[in-house]
1. Under 8 Å for C-alpha pairs, at least 6 residues apart: give me the relative contact order for the stretch 67-150, rounded to a whole percent.
2. Run through the stretch 123-154 and list the trypsin sites (Lys or Arg not before Pro) located in a DSSP loop whose Cβ has at most 10 other Cβ atoms within 10 Å.
3. Any idea what angle helix 250-260 forms with the longest principal axis of the chain, computed on alpha-carbon atoms, 0 to 90 degrees, nearest 10?
4. Using the structure shown, list the pairs from K189/K355; K232/K341; K51/K301; K88/K154 with a Cα-Cα distance above 23 Å, or answer none.
5. Arrange the residues L362, L240 by how much accessible surface each exposes, largest first, with a 1.4 angstrom probe.
6. Count the net charge of all other residues whose Cβ sits under 12 Å from the Cβ of G198, scoring Lys and Arg as +1 and Asp and Glu as -1.
7. Output the relative contact order of the chain, whole-number percent, from Cα pairs under 8 angstrom with separation of 6+ residues.
8. Ranked highest first by average number of other Cβ atoms within 10 Å, how do 338-345, 39-46 line up?
Amino acid sequence: MNDRQKVAMDRLTEVAEGIYDALDRGDIPQMTLPLRSKRNIEFDPMTQVWKYGSLKTTRTAKTTQGATTMLRTAYTTDFINEMIRENKSSTLREMYYISEGWNAAKFHTQDEGNLLAEDLETISHCMREDFKLRPEESGAHVYGNVTFRTMTKKGMKDINCMDDVSEQGFAVPYSVEKETFEIKSHDVKFIMALETGGMYARLIENGFPEKAECCLVHLSGQPARSTRRLIKRLNEENGLPVVVFTDGDPWSFRIFASVAYGAIKTAHISDYLATPTAQFIGITASDILNYDLPTDKLNDKDIGALHAELTDPRFNDEFWDSEIHAMLDMGKKAEQQALAKYGLDYVTDTYLLEKLSQLGLL
């Protein structure tokens with residue numbers, strides 16, 4: 001048990017004790033939490049990320065649903081503490097099935113368990129990784145001349161993400177905190193985070209990490225927390241600039257926002273996960289026009305998402321306002337792979353060279 005896990009266990013025990021102490025006094029147990037909505041996201045000038053504001057919501061045991069939540073809280077804290085004591089871990093999916101034995105406290109959907117784990121983070125000021133709760137495999141990988149020292153079954157081991165891995169790269173573990181994961185050395189100039197596996201593989205095949213002296217991080221869609229935390233550490237501890245290369249659609253814009261500004265559902269730990277200096281390098285509505293890219297028509301969900309982003313404080317600047325309006329006006333979106341219209345080497349020989357040169361990274 002490391003120090004972070006001991007703190008987590010102590011604070012979760014305090015949460016459970018608070019519920020039982022209220023019952024002993026004859027009071028109705030309650031928990032006060034930040035309101036998790038777009039209207040409670042505020043910019044923190046100290047950390048340069050978006051975090052929860054002052055709006056709160058209170059959950060009480062006045063109703064059957066509220067009482068069930070309190071009961072689940074007690075069971076969940078006990079389950080987490082047991083894992084920490086026994087040096088075991090569990091996926092959120094496994095916790096959902098384990099709750100089948102909790103009688104009236106069992107979760108009806110996995111989302112209920114996921115949300116409760118996030119509640120416990122906000123109350124305890126600890127991270128889910130300290131609880132030894134992990135998601136299912138994220139699929140995120142790293143490729144480049146960076147050496148990590150990470151925990152294996154045989155203890156701590158050094159792994160170079162170019163020489164010691166397959167062409168798929170180094171698989172990002174669910175926890176990348178300093179206790180079990182060190183960034184030992186690197187010989188790269190910047191980090192490039194990519195949304196799709198196809199583009200990640202294309203850049204590796206084209207030798208782009210070697211030519212550009214960069215490290216690639218495959219986000220595997222909406223990035224897992226450990227992926228965002230690793231990018232944050234590479235940037236913060238090693239001074240490596242970060243660029244994010246995604247598709248050109250509203251969902252991809254949100255992928256960038258989660259890396260750079262923080263995600264709404266994890267705004268309580270944005271200062272741990274977000275990299276505010278990260279820069280977006282496409283695909284934009286301007287790119288669709290400037291590079292004459294093949295497109296798909298925006299569907300109703302795309303249009304609704306773009307309108308929502310116009311009121312999202314994370315996109316409240318001139319660049320995003322212009323690009324989102326332009327995409328709405330043209331009614332089109334495009335994928336990273338649309339650059340293959342000009343050949344398989346075009347993305348590395350032309351598009352990225354132009355984009356990165358504009359940022360002074362090449």
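1. Across the stretch 67-150, relative contact order equals 36 percent.
2. Sparse-neighbourhood loop trypsin sites (Lys or Arg not before Pro): K153, K154.
3. 70
4. The pairs that break the limit, which is 23 Å between Cα atoms, are K232/K341; K51/K301.
5. Descending order: L362, L240.
6. -3
7. 14
8. With the highest mean Cβ count within 10 Å placed first, the list reads 338-345, 39-46.
The values are calculated or read from the model by the stated rules, or taken from the named source; none is laboratory data. Just so it is clear, the structure is predicted and the values come from calculations on it, not from any experiment. When we count neighbours, we look across all protein chains shown, and the Cβ atoms used for this are built from the backbone with ideal geometry, even at glycine. For the accessible areas, the whole protein counts, side chains as well, though only heavy atoms, and no ligand, DNA or RNA atoms are used. Shrake-Rupley method; radii C 1.70, N 1.55, O 1.52, S 1.80 Å.
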